[in-house]
1. Rounded to the nearest 20 Debye, what is the dipole magnitude of the chain about its Cα centre when Lys and Arg each give +1 and Asp and Glu each give -1 at the C-beta?
2. Before I look further, what does the chain give for accessible area per residue, probe 1.4 Å, in whole square angstrom?
3. Given the whole protein assembly as supplied and a 1.4 Å probe, what does the accessible area of Glu248 come to in Å², nearest 10?
4. Counting only Cα atoms, I'd like the Rg/Rh figure for region 85-171, Kirkwood definition for Rh.
5. Treating only the Cα positions of region 226-307 as identical point scatterers, give the base-10 log of I(q)/I(0) from the Debye formula at each q in 0.12, 0.24 Å⁻¹.
6. Arrange the residues Phe77, Phe173 by how much accessible surface each exposes, largest first, with a 1.4 angstrom probe.
7. Could you give log10 I(q)/I(0) at q = 0.15 Å⁻¹ for the chain, computed by the Debye formula over C-alpha point scatterers of equal weight, without solvent?
8. Among all the lysines, which ones have a C-alpha under 27 Å from Lys50's C-alpha, if same-chain residues fewer than 8 places away are not counted?
Amino acid sequence: MDSGICHGRGSVSFDEVTNSVSITAPVSTLDDLVTFAESLDLRQPQVNIKAKIVLVNRTDLDALGIKYDLGTNKQFFSQVIQRTDSTGKPGSPIDPPTVLLGGNTVSAIANASGNVPGAALRLIYSTALGGFDFSTFLDALQEVSLLDVQAEPSVTTLNNKTAELISGVQVPFVPLISSGGAQTQLNAPVAVERIQTGVTLRATPSVTNNGHIMMRVETVNSDVNFTNNGTLIDNNSNRTELLVADGETVVIAGLTQTSVRVSKSGIPLLVDLPLIGRLFGYTTRQEQRRDLLILLTPHIIDEGEQPSDGGRR
């Protein structure tokens, strides 16, 4: 496509297909215009950017639970210990308690619904207290999981051009749609969207006259959590500008996030006692630590041409 600019002393036209410029002007000004045109067509510097992304995710889980059962052969609960009734039929956890009417006895259970999923240790202790059977059940679990992800992408870009580095996966999910009521039917097709997770790095280098590199950097670390209330997108991002020497490594982002979740259930008052409170309930403590480190190393692989080099003819 040809385009041009005309004025009283000449005209300038350019062709985007052939990347050429045509100049029509008086002979007296032609040499100056050619020199100026040569300064417009210069080979731009090229910068290679090496990035190192380190993501460490450590999760520590500590769970301890104790439940108790007290009963006799004539009065008991079947939720913890399976007993047989007077007819010899085995009980089940959904059966109502067996009660000795008119008697003078007691039965009890504590933390019957407590449970440690995947417990590494299960211990049962039983003893007789007079005419009662007393049993103690202990569940214990300690679990440590470690995720260490290291990515080293590399990209080459022109001066003042943005380079994008992505390390992660695209997660599909269905957006939450609010209907008009429980009886409302949605006949429209369900649209599945995708969200980019992981680390996204955008860097725009600018080579200075003294050989340094000024970079505008944007980093985004995102993750997706699926809950009963919909899809939650967790984003951590930062933008910065920095000046780096050729071949110098710089840390542009460091993020440490620690979350602690403690859940406790048990016998009222007793479960809150210091030190021995864990003997009267179920306690789970989960600590998650996430460390993110991003390092950049820019290197000029082609210094390009300067106006004093004469340009291309």
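1. Values: 23 positive and 32 negative charges, 328 e Å.
It works out to roughly 1580 debye.
2. Details: 20730 Å² over 313 residues.
On a per-residue basis, 66 Å².
3. Estimated to the nearest 10 Å², Glu248 gives 90 Å².
4. On the way: Rg = 29.5 Å, Rh = 20.4 Å.
Ratio value, two decimals: 1.44.
5. -0.69, -1.15
6. Details: Phe77 55, Phe173 30 Å².
Result of the area sort, largest leading: Phe77, Phe173.
7. Log-scaled intensity ratios, in q order: -1.17.
8. Lys161
The values are calculated or read from the model by the stated rules, or taken from the named source; none is laboratory data. Computed from a prediction, not measured in an experiment: that's the story for all the values here. Because the Cβ atoms are built from the backbone with ideal geometry, glycine has one as well, and the counts that use them run over all protein chains shown. Areas reflect the complete protein model, heavy atoms only, side chains present, ligands, DNA and RNA absent. Shrake-Rupley method; radii C 1.70, N 1.55, O 1.52, S 1.80 Å.
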